[in-house]
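Data block below; observations after.
Bear in mind these aren't lab numbers, they're just calculated from the coordinates by the rules spelled out. Predicted, not measured: the structure shown is a model, and the values here were computed from it. Neighbour counts are summed over all protein chains in view; Cβ atoms, including those assigned to glycine, are modelled from backbone coordinates with ideal geometry.
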Amino acid sequence: MEAKYVNESRSVKSAHVLPPDTNHHGTMFGGKLMSYIDDIAAIAANRHARKPCVTASTDSVDFLIPIKEGSSVCLEAFVTYAHNTSMEVFVKVITEDLITGKRELCTTSFLTFVALDENGKPSKVPNVIPQSEEEKMLHESAPDRREARRLRRVDSKRFAEIFTVKKPWE
């Protein structure tokens, strides 16, 4: 399987932040933005794998500054790293004041997706070739994030056993 350049997965989405998208503070609902993040990340993962992909985890969503009603958000996603059947996708969100033109990085996120074959089973994906300094930095630091995900997953499985609701007769 031939490796792919990061730019082959790069995906961009913009949206106007309207009143229904905001909370009582006049800022964008975090959950609404998280939905946009998952959507654009899924497109990037599908572009890289050219197969159906599912979200395996949302590693982090860091809200750096509030996004105000009336502004816009521009999301950019790309695959930073691939390992067998999984892909790490980085998403950055820029907010723009549409009146002044001021743009600021407001959110960053890392998600993991798994590619699926025609039977819904995990399927191999191409490796990633980073080119820019940003891409190289994210690619080189990806194995550390992958290990942190692995450890977190061990905890999650343990929590699932502890917190699973037992039937009274068990």
Rounded to the nearest 500, what is the 222 nm mean residue ellipticity of the chain from helices alone, with -39500 (n - 2.57) per DSSP H run of 4+ residues and division by all residues?
-10500 deg cm²/dmol
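Within region 4-163, what percent of beta bridges assigned by DSSP are antiparallel, to the nearest 5?
On the way: 40 of 42 bridges.
Here the share of antiparallel DSSP bridges comes out near 95 percent.
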Below 24 Å Cα-Cα, how many Lys pairs turn up in the chain? Only count pairs eight or more apart in sequence, or on different chains, if you could.
26
Using θ = phi - 60° and Karplus 6.51 cos²θ - 1.76 cosθ + 1.60, couplings along region 78-86 (whole Hz; Gly, Pro as x):
7, 6, 9, 7, 10, 9, 6, 10, 10
Cleavage-rule hits (chymotrypsin sites (Phe, Trp or Tyr not before Pro)) in region 24-77: DSSP loop, at most 15 neighbouring Cβ within 10 angstrom:
29
So who's got an amide H within less than 5 Å of the one on residue 59, skipping anything under 5 residues away but keeping other chains? H placed 1.01 Å off N, in plane.
110, 111, 112
Sorting check: for 14-25, 132-143, which peptide has the highest mean count of neighbouring beta carbons within 10 Å, and how do the rest follow?
132-143, 14-25
Using the crude model of +1 on Lys and Arg Cβ and -1 on Asp and Glu Cβ, and no other charge, please compute the dipole size for region 46-134 relative to its Cα centre, in debye to 20.
320 debye
